[in-house]
Amino acid sequence: MVKWCSRMLGLFVWGLLLVLLGCSGAPSATLDGTWSCSADWSGVQNGVSVAISAVQESTCLDGDLTTVGAISIGKATWSERKMGTCFASGDELYGTWTSVETTPNNPAAVAFEESTLEGKALAEAASVEDEEYRVKVISRTDTQLEARNKEGRVISCTRL
């Protein structure tokens, strides 16, 4: 169970949040600023399909990234705060997460951590601190951004 969740959150981290981290340094568009991003996908837990989503607001300035948002796995929801670095080169956004914290928002999240993650916090189970992330931009304008992570998930962002 822990492995499943770690993989799912890891994919989320490598996907949605990675786009947000890459908000600076792009030569062809100004990406510095604050972006609202979202991604939805599904996973399988105990043979049952589970909806997973992430909604985040990320600010990247001068290579520093701050992200706040929410993660949902089925009925379980968490608040999330991340810090890291953010860079862009060509059509890639990348950086490193330096800290990740999650807080359960409802009893379903507490139960998920207890049963599926063996009592670990969602962020602890995913263990993404000090990990590099990288996504490929598939389209962008000054106000819209879409990227694809290595698992093929699309992350959609709007400049705030």
Exercise. Which of the GluC sites (Glu not before Pro) found in the stretch 79-120 are loop residues per DSSP with 13 or fewer other Cβ atoms within 10 Å of their Cβ?
Worked result: Glu118
Exercise. Ranked by Cβ crowding within 10 angstrom, fewest neighbours first, how are Phe112, Phe87 ordered?
Worked result: Phe87, Phe112
For this session: Arrange the peptides 126-133, 43-50 so that the one whose residues have, on average, the most other Cβ atoms within 10 Å appears first.
Result: 126-133, 43-50
Exercise. Between Asn105 and Asp62, what FRET efficiency follows from the Cβ-Cβ distance if R0 is 30 Å, with the result rounded to 0.05?
Worked result: 0.45
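Where a number appears in this text, it was derived from the coordinates with a stated rule and is not lab data. Values in this document were obtained by computation on a predicted structure and should not be read as measured data. Methodologically, a virtual Cβ is constructed for each residue, glycine included, from the backbone with ideal geometry; neighbour enumeration extends over all protein chains shown.
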